[in-house]
Amino acid sequence: MPQAVPTVVEGARDSSGTAVGADGATPAPSQGSDFAPLLRAVKGQGLLDRRTGWYTAGIATNLVALGAVLTGMFLLGNTWWNLLLALPLAIFWSRTAFVGHDAGHAQISGDRKTGRAIGLVHANLLLGMNEAWWNDKHVRHHANPNHIDKDPDVGVGALVWTQKQAAQREGFARWLTRNQARLFFPMLLLEGIALKISGFQYLRQQPARERALSALLLVTHLGLYAALLLTVMSPGKAVVFALVHHALFGLHLGMAFAPNHKGMEMPDPDGDRWGHLQRQVLTSRNVRGGILTDWFLGGLNYQIEHHLFPSMPRPHLRLAQPMVRAHCKALGMPYTETGLIESYRQALQHMHEVGEPLR
């Protein structure tokens, strides 16, 4: 998961030209920027203060829950009934990913080494995901969300996000783009495995010492995961369990991230440079809901607040929301918030419109 507390991305600046922290560090704009009064108000309420106890309790609870699922697998033994436990295991794996995400944003600890250690344990060891790969990708996303030239999340991949990208597709990729809206959720079933593959591919881009540690933890994860399944069940059942488990994990993570930016404003690469407030608010979408929504989406339903204050602890995002909404209203800036189902509809509608010229 991301660990970029001191990072400043080139070209990421607030409306007055002050450099903006790309990921972990909440930006420090000049007195004249639109963001400065909001930042002062949020700091004044203590909403950027760490919540170490809250995270400690949450991490411990999640580890106990993971242990309970594994115990249940051993108790059930070599039976197809074990497939039922693939769902809770996928859910608690997603909780693990959310912890790694928050650690990388310096929400849990301001100490870089501590944050990276938490990220390595939760991402590399427990999930088999390379936190360095995620870091590289996520830093660039936070610095320039939905920017077609700078945000890797809207680059050309299995899916595309603009009609210009779609026009360049050929062969099978062209067919995929024509149907990407209806195929989006089925494709998320492959995301759990794709995350592992991307992490291993990224190893060759890491410095030797960092690469050795990342690789050791990734391989250890695979060994422990395989040993667990093969100890509990037959090879055939183990393969089916692993496929179902990773499919559900990928689907859950995709459902948490899909509502955040898809279908929102995309800055014109040749247009005026947006300030920090405009860049983060106009490209992000919040999802309404209560405690259950907060839990299911890992706090990412407060995407606007998270992008404005990436180091803000997760439990404080809900508290900051009224302040951010009021500030945007005072400036006449749109603040997008929808229900969960509507957020998916808008994201899928955007993907459908992107593929429209190819149909």
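Scanning the stretch 168-185 for residues that are open to solvent by 70 Å² or more (accessible area, probe 1.4 Å) and in a helix (DSSP H, G or I) returns Phe172, Arg174, Trp175, Arg178, Arg182. Restricting the search to the stretch 173-212, which residues are small (Gly, Ala, Ser) and farther than 20 Å from Pro259 by Cβ? Matches in the stretch 173-212: Ala173, Ser198, Gly199, Ala208, Ala212.
Of all residues in the stretch 242-274, those satisfying the criterion of being open to solvent by less than 10 Å² (accessible area, probe 1.4 Å) and in contact with a Phe, Trp or Tyr (Cβ under 7 Å, 6 or more places away or on another chain) are Phe249, Ala258, Pro259. Scanning the stretch 278-312 for residues that are touching a residue at least 40 places away in the same chain (Cβ under 8 Å), more than 14 Å from Met255 (Cα to Cα) and open to solvent by 10 Å² or more (accessible area, probe 1.4 Å) yields Gln278, Arg279, Leu282, Arg288, Gly289, Ser311. Every listed requirement among (1) modelled with pLDDT under 95; (2) among the small types (Gly, Ala, Ser); (3) assigned to a helix (DSSP H, G or I) is met by Ala212 save one, (1). Of all residue pairs spaced 6 or more apart or on separate chains, those with beta-carbon atoms under 6 Å, a first member in the stretch 233-262 that is touching a residue at least 24 places away in the same chain (Cβ under 8 Å) and a second member that is of a type in the set (Val, Ile, Thr) and buried (at least 21 other Cβ atoms within 10 Å of the Cβ) are Pro259/Val287; His261/Thr283. One residue stands out in the stretch 313-331 among those that are open to solvent by less than 50 Å² (accessible area, probe 1.4 Å) and free of Cβ contacts under 8 Å to residues at least 60 places away in the same chain: the one that is farthest from the chain's Cα centre (by Cα), namely Cys328. Gly199 falls short of the stated requirement of being surrounded by 13 or more Cβ atoms within 10 Å (Cβ to Cβ) and touching a His at 6+ places or on another chain (Cβ under 7 Å).
Of the candidates Val219, Val240, Val244, the single residue that is at pLDDT 95 or above, part of a helix (DSSP H, G or I) and under 20 Å from Asn124 (Cα atoms) is Val219.
If only residues of the stretch 206-230 that are farther than 24 Å from Leu70 by Cα and in contact (Cβ under 8 Å) with a residue 12 or more places away in the chain are counted, the one that is surrounded by the most Cβ atoms within 10 Å (Cβ to Cβ) is Ser214.
The values are calculated or read from the model by the stated rules, or taken from the named source; none is laboratory data. These numbers were taken from a predicted model, which means no experiment stands behind them. Reconstructed Cβ throughout: ideal geometry from the backbone, glycine too, with neighbour counts over all protein chains shown. Just so you know, the surface numbers come from the protein's heavy atoms only, side chains and all, with ligands and any DNA or RNA stripped out. Shrake-Rupley method; radii C 1.70, N 1.55, O 1.52, S 1.80 Å.
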